[in-house]
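Coordinate-derived values only; no laboratory data. None of the values given here were measured: they were computed from a predicted structure. With ideal geometry, Cβ positions are generated from the backbone for all residues, glycine too; neighbour counts draw on all protein chains shown.
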Amino acid sequence: MGVAGSQRHFSNFGRSLATALGDPRLSQIFALGSLLALGAWFRDFSLRPAQIVLTFAAALGTQRLTWRCYPPAARSYRSAIITALSLTILLRASNLFVHPVAAAAAISSKSLIRIRGKHLFNPAMLGIVVALLLLPGSWVSPGQWGNDIALAGWFVTMGALVTRRASRGDISWSFLGFYLGAIALRIAWLGQRWDVWTHQLSSGALLLFAFFMISDPMTAPNSRGARIAHAALVPAIAYTWQFSLYRTNGLIWALFVASLAVPLWDLAMPAAKFEWITQGAIK
Amino acid sequence: MNMSSFKLVFRSAILLAAATIALATPRDAHAFCGFFVGKADASLVNHTSEVAIARHDDKTVISMSNDYQGAPKDFAMVVPVPVVLQKGQVHVGDPELFHKLEAYSAPRLVEYYDPDPCAAIALSEAAGFARAMSAAPAAPMPQRANALGVKIEAQFSVGEYDIVILSAKQSDGLETWLRENRYKIPPGASVALAPYIRQDMKFFVAKVNLKEHEKSGIEHLRPIQFAFESPKFMLPIRLGMINSSGAQDLIVYLLTRDGRVETTNYRTVKLPTGENVPESVRDDFQGFYKAMFSEQVERNQMHAVFTEYAWNMGWCDPCAAPPLTADELRALGVFWLDEGQRRSPIAPMMYGGAVPVTLTRLHLRYTAATFPEDLVFQETQDIENYQARYVMQHPWSGSANACPAAKNYFVQLRQRKIEEAETLAELTGWNLDSILKKAGLSGGEVTHPWWQKIWQ
């Protein structure tokens, strides 16, 4: 099939590029960049070009500033680019200041909110939480992707590529297993039609969360067992938030809350911390 | 546009809208989010529903329009509601409110006139005069109920309606109860009722009190409104699918304080707007709009919810009909209006005087297969105004020989007409050659770029 062929082609291209350069973040940037382009062109993303520019400017600028205060061993803008891409894909605003403020908060949180040498929150997720809690005129559109199966397939392909490179595929797949399992049980209990399950499965927002947020190797627990537990805790909180309290953006809030427990997981189940540049070419 | 020219446009728009509303075609028999239940053999089929929801801080007022066309004695409806409603929470509204909402938010056609190309004023300075057109404008037995696991939580009459609020333990018990109380339940009802029972929702069951109805002398049934507090910001649409064979249309008017409303479990899409269309659209704007809407539904595989209007209730530009007054908004359940007026010193219904109410008009066409879940909404912080608006530009009526500039004008005019025809074909899926022929631009004379037909 043409689409599958081209996906494979792109995946191969991304993988070889990443292998060549030894950093999975490059393939992640490639994947997220494709998603942003797809969404902006084909999905009525109600995103202004100025918001994209300001997000990147604020993310990269803040990254540069934090290096002055907290000089790192190696400098790279890659993580900041990933955060900026995630924010532009997920966050919506009716003004121009929400995106840059969220981006600045996201990037600075990596230096400011650290426990035992590891930052606590996935920066993009924190940026969104800051925007929703504190910044007027911001929102997240969980329905913006539509349930186009083909697009969902695209996400899975791209996401699989990214998590494989980052060796944290276990958290994505176990999260999807727990979350979709819980949805299936709810459908069975309510006596709803099974179309509801496929409708949920093909939500772009869910797959984006599974493959690009909860899977962030820098903020997920270090040990595999703890990652699986984390991947069960997040859907449990999200489920309660959405189906008992009837609030929106359950996954974002759940990840925010569950992140607070990650240092405890790392303490209880110690394992080596993830480093971006230990794989591929350098290894 | 300066203030005086605006006033002129504003006034003419109101006049024209008033004239055109009367031309709006009558709708098909409307459905509710619940289902109609015939008590005789009347054939009751849902096609289009209109619902208005006013919501702020989990406090919700839902109004359901009632365009039921059958005999009042055959009318009944069942709507799942999140909480038990008491008499004071239910009200019978004025149908005029829906007409006003519909007229104010209707997709609109605006027209402009080309200026004289020979006149000294530059084209760009010519003020267009817009005008708008409206596009469409018996007491139940408690013991038996207990035996069936059905509990009559409340029972009262409001206006011409007798209302029972039920809770149930089993969907088949509820179905039996409804049948025993002579409501003709569509086949498959218990399957559709079950998910609501499991979610501990109650059932609002209404039928017409014939004595009251006759006494009131009102010909048509009036909208039912109810107010409740619940975190659930949703609209049950699944129940309404039972007694509907094909696709149904639903228009939801959402009145909120802070911004536009969208669905969280379906994609919310803004319809194409601001497009220039041929003059011929004026003759049948409703036909154009229906065709365009159907085309957009098809392109989104009937999986999307369309935004037709999202605007602050204080004003409009151009106005298809004047904004609703403060009293009308209160009647629709906008309980926070006074609080907002205290905050804003500006007179609320003047142009530019924003009121703390955003009206979002969502339109969806759905079947049981394409919308497997009830609609779940969220209020965004988006305050950008949007309307489905189509533009018609009348050409200058002078002669090509009037001046050298006129010749050039007619060359450009021809190109513009071709582009308008192409836009119309693109929006509606209509045949381009037929449109061109109708516009007096026969197909043979039109030159298309070579690449245009490659992927068609």
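A Förster radius of 45 Å, combined with the Cβ-Cβ distance separating B:Arg182 from B:Ile454, puts the computed FRET efficiency at roughly 0.10.
Here the relative contact order of segment B:165-218, from alpha carbon pairs under 8 Å that lie six or more residues apart, stands at 46 percent.
One chain, two ends: B:Arg282 and B:Asp327. Fully extended at 0.36 nm per residue, the span grows by 12.8 nm beyond their Cα-Cα distance. Across segment A:106-134, the residues whose backbone nitrogen lies under 18 Å from the label position 7 Å along the beta-carbon direction of A:Leu267 are A:113-121. Sites listed here are trypsin sites (Lys or Arg not before Pro) in segment A:44-94 whose DSSP assignment is loop and whose Cβ has at most 14 other Cβ atoms within 10 Å: A:Arg75.
Neighbour counts of other Cβ atoms within 10 Å put A:Trp67, A:Trp41, A:Trp145 in the fewest-to-most order A:Trp41, A:Trp67, A:Trp145.
Projected label points at B:His220 and A:Ala236, each 7 Å from Cα along the beta carbon direction, are separated by 5.4 nanometres.
Applying a DSSP loop filter and a limit of 16 other Cβ atoms within 10 Å to the trypsin sites (Lys or Arg not before Pro) in segment B:172-218 leaves B:Arg182. Net charge in the neighbourhood of A:Tyr77 (other residues with Cβ under 11 Å of its Cβ; Lys, Arg +1, Asp, Glu -1) is +4.
Given R0 = 22 Å, the distance between the Cβ atoms of A:Arg64 and A:Glu275 translates into a calculated FRET efficiency of 0.50. With a Förster radius of 35 Å applied to the C-beta separation of A:Leu190 and B:Asp58, the computed FRET efficiency comes to 0.95. For the modelled label position 7 Å from the Cα of A:Tyr77 along Cα-to-Cβ, which residues of segment A:39-63 have backbone nitrogen atoms closer than 12 Å? Those under the cut-off are A:56-63. Peptide B:379-388 has a mean of 4 when you count, residue by residue, the C-beta atoms of other protein chains within 10 Å of its C-beta. Between the listed residues B:Ala439, B:Gly429, B:Phe410, the Cα displaced farthest toward the positive end of the dipole of segment B:401-445, a dipole computed from Cβ unit charges relative to the Cα centre, is found at B:Phe410. Amide H contacts for B:Tyr390 (H built 1.01 Å from N in the peptide plane; partners 5 or more residues away or on another chain; cut-off under 5 Å): B:Arg108, B:Leu109, B:Val110, B:Gly274. All other residues whose Cβ lies under 13 angstrom from that of A:Tyr239 are scored, Lys and Arg at +1 and Asp and Glu at -1, for a net of +2.
Model label points for B:Phe156 and B:Gln412, set 7 angstrom from Cα along the Cα-to-Cβ axis, are 6.6 nm apart. Each of the peptides B:416-422, B:162-168, A:187-193 was scored by the mean count of other Cβ atoms within 10 Å over its residues; in descending order, highest first, they stand as B:162-168, B:416-422, A:187-193. Among B:Lys87/B:Lys270; A:Lys273/B:Lys232; B:Lys407/B:Lys438, which pairs are too far apart, with a Cα-Cα distance over 31 Å? Too far apart for the 31 Å limit: B:Lys87/B:Lys270; A:Lys273/B:Lys232. For the residues of B:77-83, the average number of beta carbons from a partner chain within 10 Å of their own beta carbon is 0.
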